[in-house]
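Here is the structure we will look at.
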2 protein chains.
Amino acid sequence: MNPAAPRQVTRLIEAFSRLPGVGPKTASRLTYYLLRAPEVESVELAEALIEMRQGTRLCSRCFNITSIDMDPCLICSDDGRESGSICVVEEPLDVLAIERTGLFKGTYHVLHGALSPVEGIGPEDIRVEPLLARIRSGGVEELIIATNPTLEGESTAMYIKQEIGESGLRVTRLARGLPSGGDLEYADLNTLSQALQGRSEL
Amino acid sequence: MNPAAPRQVTRLIEAFSRLPGVGPKTASRLTYYLLRAPEVESVELAEALIEMRQGTRLCSRCFNITSIDMDPCLICSDDGRESGSICVVEEPLDVLAIERTGLFKGTYHVLHGALSPVEGIGPEDIRVEPLLARIRSGGVEELIIATNPTLEGESTAMYIKQEIGESGLRVTRLARGLPSGGDLEYADLNTLSQALQGRSEL
């Protein structure tokens, strides 16, 4: 036991340290910041943590995070969204990123992962069967596969495409190329190759 | 209201964003990490937050953070520590940093701030009077002033030295091995150890 800090303090430092990207020094700083800050700040964070875990669920249609009393989720139950267009992403955070563009008016499907033989993640470990079921039930016209531009994301896209087979469904993939604001000389070989192959008329 | 994330999620993102050094992107990442992680991780963090605020108090002697049922604190009530030697620091985190060197066997006094005319922080806003009272009550032989090597920290050191006057008390200051303008809690172990060993008469 560290005599310089009571166990109540070290317990919080340890809890913060378990978060990704938070080392022991950052965890200490956050803890001692909260000790000085008004108590309501710690209480609000604590209540938000509990409410987030106990007040949410996965949407039974798209598997995005939704409020526990809102199933299907706000996007799935919005008549203004085109339910015939489904954007397939790996994680709920990806939905937020695509929503920020303001360009997509369809619905989503969150896989909660990507295929990875190395990590032993197969089709049964991600929400791919419910996606195929949504397609089989009809009404879907376009599938935008927005998995990550990684080996795992590409494998997942290919797997979905293959499972759908010849169905007349339009299946697209997000464009690969140079990131906006990037520098050509720092682009890696793959990115530059794909940017060249996917070049468009000016 | 963001349809892509329920209010339970945005509430936690906002609570994390209020922490120092945590931007909205980091706050989102932490939140979605906790959504995936076992529920016990969120619950443990929430309980640690509450316990830290409700289970701690300031030691009535040195003003360091202590367990609510441990006053004076573990260091102040340890007979093995030299109570005649007091190390004066600005914040509780500074006690942790000095304890890590393992070189100091005395006790502490936490000021909870430093004098700053610019920010309107005067002697009555920090715990300097209780320190002078400890000295007046006798038994103190050495005062190591370990305030930060900043303008505010130096002013605080000079103020304390001046208030003590000609008392025969040995008053030292950490050696300026510390990088000027830095912050004590970020000092590496070596720098801090050297600063302790090279302390000089004020």
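Please treat every number below as a calculation from the coordinates, not as lab data. Treat the numbers as computed from the prediction; the structure is a model and nothing was measured. When we count neighbours, we look across all protein chains shown, and the Cβ atoms used for this are built from the backbone with ideal geometry, even at glycine.
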How crowded by other chains is B:96-105, given as the mean number of beta carbons from other chains within 10 Å of each beta carbon?
-> 2
Can you spot the aspartates and glutamates whose alpha carbon is less than 13 Å from A:LYS105's alpha carbon? Ignore those fewer than 8 places along the same chain.
-> A:ASP78, A:ASP79, A:GLU82, A:GLU142
What are the residues whose amide H is under 5 Å from the amide H of B:TYR108, where those residues sit 5 or more places off or on another chain and H is modelled from the backbone?
-> B:CYS87
List the lysines whose Cα lies under 22 Å from the Cα of A:LYS25, skipping any in the same chain that are fewer than 8 positions away.
-> B:LYS25
Starting at the first residue of the range B:18-27, write each ³J(HN,Hα) from the Karplus equation 6.51 cos²θ - 1.76 cosθ + 1.60 with θ = phi - 60°, in whole Hz, x for Gly and Pro.
-> 6, 6, x, x, 10, x, x, 5, 4, 4
Between 0 and 90°, nearest 10: helix B:7-17 axis offset from chain B longest Cα axis = 20
Relative contact order, percent, the range B:106-202 [alpha-carbon distance under 8 Å, six or more residues apart] | 25
Taking chain B and dividing mean pair separation by its residue count, relative contact order in percent (alpha carbons under 8 Å, at least six apart) = 14
Sum of -39500 (n - 2.57) over DSSP H runs of 4+, divided by residues of the protein assembly as shown (222 nm, nearest 500) | -12500 deg cm²/dmol
Distances in nm between the label point of A:ARG18 (7 Å along Cα→Cβ) and its equivalents in the other copies, shortest first, are 2.3
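Relative to the Cα centre, what is the charge dipole magnitude of the protein assembly as shown, using +1 at the beta carbon of each Lys and Arg, -1 at the beta carbon of each Asp and Glu, and rounding to the nearest 20 debye? Write down the numbers at each step before the final one.
Numbers: 40 positive and 58 negative charges, 22 e Å.
That gives a dipole near 100 debye.
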For B:ARG57, place a label point 7 Å out from Cα along the Cα→Cβ vector, do the same in each other copy, and report the separations in nm, one decimal, smallest first.
-> 4.5
Taking the Cα centre of each part, how many Å lie between the range A:1-28 and the range B:4-77?
-> 10
When the Karplus curve 6.51 cos²θ - 1.76 cosθ + 1.60 is applied with θ = phi - 60°, which whole-Hz ³J(HN,Hα) does each residue of the range A:103-119 get, with x for Gly and Pro?
-> 9, 9, 10, x, 10, 10, 9, 9, 6, 6, x, 9, 5, 8, x, 4, 8
Rounded to two decimals, the Rg over Rh value of the range A:78-201 from Cα coordinates and the Kirkwood Rh reads 0.98
Can you list residues whose amide H is under 5 Å from A:ARG173's amide H, if they're 5+ apart or on another chain and H is modeled 1.01 Å from N?
-> A:ILE145
Across the identical copies, how the B:VAL43 labels are spaced - nm, sorted shortest first, 7 Å along Cα→Cβ = 2.3
Given charges at beta-carbon only (K, R positive; D, E negative), |dipole| of the range B:12-83 in Debye = 480
